[in-house]
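Okay, handing you the structure first.
The values are calculated or read from the model by the stated rules, or taken from the named source; none is laboratory data. Here the structure is a predicted model, which means the values were calculated and not measured. A quick note on method: Cβ atoms are made from the backbone with ideal geometry, for glycine too, and the neighbour counts reach across all protein chains shown. For the accessible areas, the whole protein counts, side chains as well, though only heavy atoms, and no ligand, DNA or RNA atoms are used. Shrake-Rupley method; radii C 1.70, N 1.55, O 1.52, S 1.80 Å.
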Amino acid sequence: MKFEDLLLEIGGFGRFQILILFILCLPRINLPMHFLLHNFLAATPSHHCAIPHQEAFVNLTMEEILLISIPREPDGTFKSCEMFSQPQFHLLLNSSLQPENNSIIQHCQHGWVYDHSQFTSTISTQWDLVCEQRGLNQATATFFFIGVTMGAVVFGYLSDRFGRKAMLLLSLMFSIIFGMLSAASVSYIMMAITRTLTGVALSGVSLIVLPLGMEWVDIQHRTFSAILTSIFWSIGNMLLATVAYLVREWHWLLVAVTAPCLLSMVCLWWVPESARWLIANNKVKQAHRNLLRCARMNGRKDFTVSQEALRRMTTDKKPGESYSYISLFRTPVLRKISLCSGVVWFGVAFSYYGMSLNLTGFGLNMYLSQFVFGVIEIPAKMIIYVLVNRAGRRQSQAWTLILTGLCIGANVIIPKPFTSLRSVVAVMGKGFSEAAFTTVYLYTSELYPTVLRQNGMGYTSFMARLGGALAPLVFLLDEVWRSLPEVTYCGVAVCSGSVAFLLPETLNVRLPEVIEDIE
């Protein structure tokens, strides 16, 4: 007897599974509130060099003081990173005149003045992460995703070794601790370290939530379960826009997005450990108890199964034998799956965060952009629910990723003045990008056997977070060529989407239990 047959006897999608899925959706809401927090945490408002001895210009308006103190861009706006070494009073007579020579222009010497109309404070204004320090501002997101990358490796292994539930609770606990420490940061170094550690902890949540729910659900409802869980990511996206709009001070914003982890942690105590994992790891007594609990709640009170029958279902994994990430590359079919899925995950995350961390690039208010990007993800998930069951996982994965790249590339060609058209194309691209992300979670959890599923998810999540870590740094390439970041995102998305065609189809195929099922 296979575990799938056992699920049919106890109810593969009853009240028990629905309750578990909804509880697991609570931590899912928390994830985008941290993963996309950089948009608001490190936002850089309009700024210009601080002008020394400003009180000496009592007879001048603020506009006139800026005119004689700050050089202008070709479009007439004041430069953010340069100032005149001495006041240029002749510009009061004719503001269109150019400075007499460029030697009088210098970098800001006395700090910066920020526009606080949109943000009370951000880490950018707190530690002057602008101009020459702009790279450190973008690096904050990279540090977070480096943490997520490391966490993917750690929690992928630990959750296969010690169980899904225990590691999920542990990751939530550390998410609360390091999230609150981030809010209390007194220096940029402390912020960078605590955000990295928050990324490590949240990686466990990201990695474990979906497989823990999927391992309790039968084949027919796997797709629905994955889509339902991912919709709560989109809800978290919209909540982030709302919370960030209401909380404009970065310390309290961090507290606001971290506190819900406590509710998730409390609710998770009710969720049982995966019976599939327990059986695969010879923990038959606890698996038996959890299965009876599931059967009772689903109204299958006449269900009975002996512990001996469960013991016969255990995989042919010998006691004490353990699998590692090396096991993903030992056999030929599994090696091909691992290499291809790693490339796909990198491309999915790289393009997704390339779009999600560029809220000001499409002509909309950043809060509205964040909210609209969250809203468009929900119909994208509904459409992908139909597609993955009709066209299959492989075709859906490949084409959603390729179309994401083409939308990003289209915005390179569309002129800047066509704001409405650029916004529509960007929203379409975000929809395709989210569809690709939704598919890849479902697809990958079906590609790997139970004994290696979390190792597989850990490895692919590592590749995704590597893409997420590099995505914000690519924005710095605009100093080489303004459109180079978009061209890079486009190229990676199209190429990685093409690699998805090399993966096997998993539509209506039983979840593999051991490596032999794959080979």
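Pick from 439, 404: which is among the β-branched types (Val, Ile, Thr), under 19 Å from residue 488 (Cα atoms) and not assigned by the TED database to the domain that holds residue 277?
Values: 439 fails: under 19 Å from residue 488 (Cα atoms).
The unique qualifying residue is 404.
Given the residues 372, 333, which is the only one that is in contact with a helix residue (DSSP H, G or I) (Cβ under 7 Å, 6 or more places away or on another chain) and surrounded by 19 or more Cβ atoms within 10 Å (Cβ to Cβ)?
Of 372, 333, the one residue that is in contact with a helix residue (DSSP H, G or I) (Cβ under 7 Å, 6 or more places away or on another chain) and surrounded by 19 or more Cβ atoms within 10 Å (Cβ to Cβ) is 372.
Which ones in region 234-250 are open to solvent by 10 Å² or more (accessible area, probe 1.4 Å) and either assigned to a helix (DSSP H, G or I) or not acidic (Asp, Glu) (or both)?
235, 238, 239, 242, 243, 245, 246, 247, 248 - these are the residues of region 234-250 that are open to solvent by 10 Å² or more (accessible area, probe 1.4 Å) and either assigned to a helix (DSSP H, G or I) or not acidic (Asp, Glu) (or both).
Moving on to the next point. Tell me, which helices (runs of 4 or more DSSP H) lie completely within region 1-70 with 1 or more residues that are of a type outside the set (S, T, N, Q) and more than 30 Å from residue 313 (Cα to Cα)?
Details: elements: 3-10, 15-35, 38-41, 62-69.
Output list reads 15-35, 38-41, 62-69.
Could I ask something else about it? Here is a list: 153, 186. Which entry is aliphatic (A, V, I, L, M), assigned by the TED database to the domain that holds residue 234 and either crowded, with 23+ Cβ neighbours inside 10 Å or at pLDDT below 90 (or both)?
153
From 176, 231, grab the single residue that is in a helix (DSSP H, G or I), surrounded by fewer than 21 Cβ atoms within 10 Å (Cβ to Cβ), under 16 Å from the mean Cα position of the chain (by Cα) and aliphatic (A, V, I, L, M).
Matching residue, one of 176, 231: 231.
Something else now. Contact list please: Cβ distance under 9 Å, first residue in region 161-181 and within 15 Å of residue 209 (Cβ to Cβ), second residue at pLDDT below 95 and basic (Lys, Arg), pairs at least six apart or on different chains.
Pairs that qualify, where the first residue is within 15 Å of residue 209 (Cβ to Cβ) and the partner is at pLDDT below 95 and basic (Lys, Arg), are 163/283; 167/161.
Please go through region 116-145 and give me each residue that is open to solvent by 70 Å² or more (accessible area, probe 1.4 Å) and either in a loop (DSSP other than H, G, I, E, B) or within 18 Å of residue 356 (Cβ to Cβ) (or both), ordered by number.
116, 117, 120
Let me confirm something: among 117, 159, which residue is within 20 Å of residue 244 (Cα to Cα) and of a type in the set (Ser, Thr, Tyr)? Please lay out each step first, then the result.
On the way: 159 fails: within 20 Å of residue 244 (Cα to Cα).
So the residue among 117, 159 that is within 20 Å of residue 244 (Cα to Cα) and of a type in the set (Ser, Thr, Tyr) is 117.
Check 404, 450, 506, 460 and return the single one that is open to solvent by less than 20 Å² (accessible area, probe 1.4 Å), over 20 Å from residue 217 (Cα atoms) and in contact with a Lys or Arg (Cβ under 9 Å, 6 or more places away or on another chain).
Result: 404 is the single residue among 404, 450, 506, 460 that is open to solvent by less than 20 Å² (accessible area, probe 1.4 Å), over 20 Å from residue 217 (Cα atoms) and in contact with a Lys or Arg (Cβ under 9 Å, 6 or more places away or on another chain).
When region 423-460 is examined, which residues are found to be under 17 Å from residue 328 (Cα atoms) and in contact with a Pro (Cβ under 8 Å, 6 or more places away or on another chain)?
Passing the criteria: 445, 447, 448, 449, 450, 453, 454, 457.
Return the pair list, or none, for Cβ contacts closer than 7 Å from residues in region 490-519 that are among the acidic types (Asp, Glu) to residues that are open to solvent by 30 Å² or more (accessible area, probe 1.4 Å), at least 6 apart or on different chains.
Correct list of pairs: 505/394; 519/331; 519/333.
Out of the residues in region 1-48 that are open to solvent by less than 10 Å² (accessible area, probe 1.4 Å) and polar (S, T, N, Q), which is farthest from residue 115 (Cα to Cα)?
Of everything passing the filter in region 1-48, 17 is farthest from residue 115 (Cα to Cα).
Being of a type outside the set (A, V, I, L, M) and open to solvent by less than 40 Å² (accessible area, probe 1.4 Å) is the filter here; which residues of region 489-503 pass it?
Within region 489-503, 489, 490, 491, 496, 497 meet the criteria.
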